[in-house]
1. Please work out if SER66 is of a type in the set (S, T, N, Q), under 26 Å from ASN103 (Cα atoms) and not in a strand (DSSP E or B).
2. Exactly one condition in (1) under 26 Å from LEU134 (Cβ atoms); (2) in contact with a helix residue (DSSP H, G or I) (Cβ under 7 Å, 6 or more places away or on another chain) is false for ILE107; which is it?
3. Based on this model, can you work out whether ALA45 counts as surrounded by 11 or more Cβ atoms within 10 Å (Cβ to Cβ), out of contact with any strand residue (DSSP E or B) (no Cβ under 7 Å at 6 or more places or on another chain) and closer than 27 Å to HIS102 by Cβ?
4. Only one of CYS124, CYS93, CYS68 is surrounded by 13 or more Cβ atoms within 10 Å (Cβ to Cβ) and over 30 Å from TYR35 (Cα atoms); which?
5. Take the conditions modelled with pLDDT under 95, more than 27 Å from SER104 (Cα to Cα) and not in a loop (DSSP other than H, G, I, E, B) and apply them to SER77. Does it pass?
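The values are calculated or read from the model by the stated rules, or taken from the named source; none is laboratory data. The structure displayed is predicted, hence computed values, not measured ones. Glycine gets a Cβ as well: all are built from the backbone with ideal geometry, and neighbour counts include every protein chain shown.
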Amino acid sequence: HTGEKPYYCIYCDKVFTQDSHLIRHLRFHTGEKPYQCSQCDKAFALKNGLKIHMRIHIGEKPYPCSQCDQAFKDNSSLIKHISIHTGRKPYQCSHCNKGFEHNSKLIIHMRIHTGEKPYQCSQCEKAFTKNNDLTVHMR
């Protein structure tokens, strides 16, 4: 309760009030994932990550949309979904002002302007802006 933060991360400048918080934080630097899914080969750094993941296997979706009959395994997925109903597109391209509901879609769109094609075919010289385009090409 003193506000003292005696636990320092050796990798970055973060400090913590409890050693357990530091230990949990260090996993992001070391890549340690001690929480293993019993249903598949996924592992997680945090216990809560495994808990949310397990909802995929058991079909639990405790976050319902109030606008439609869809439900989601976590709150962040629900929040992303809600933008479909509101029409809100908060992620805007700085080159052409096109708006996107999700940041991931903006990142893909930006490749049009930058010419970046990160998905390279292992059989020929072709490269693609989207992983799905490479998958279709490989068929």
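1. Numbers: of a type in the set (S, T, N, Q): yes; under 26 Å from ASN103 (Cα atoms): yes; not in a strand (DSSP E or B): yes.
Against the criterion (of a type in the set (S, T, N, Q), under 26 Å from ASN103 (Cα atoms) and not in a strand (DSSP E or B)), SER66 qualifies.
2. (2)
3. Numbers: surrounded by 11 or more Cβ atoms within 10 Å (Cβ to Cβ): yes; out of contact with any strand residue (DSSP E or B) (no Cβ under 7 Å at 6 or more places or on another chain): yes; closer than 27 Å to HIS102 by Cβ: yes.
Yes; evaluated as a whole, the condition is true for this residue.
4. Values: CYS124 fails: surrounded by 13 or more Cβ atoms within 10 Å (Cβ to Cβ); CYS68 fails: surrounded by 13 or more Cβ atoms within 10 Å (Cβ to Cβ).
Being surrounded by 13 or more Cβ atoms within 10 Å (Cβ to Cβ) and over 30 Å from TYR35 (Cα atoms) holds for just one of CYS124, CYS93, CYS68, which is CYS93.
5. Working: modelled with pLDDT under 95: yes; more than 27 Å from SER104 (Cα to Cα): no; not in a loop (DSSP other than H, G, I, E, B): yes.
So SER77 fails the test.
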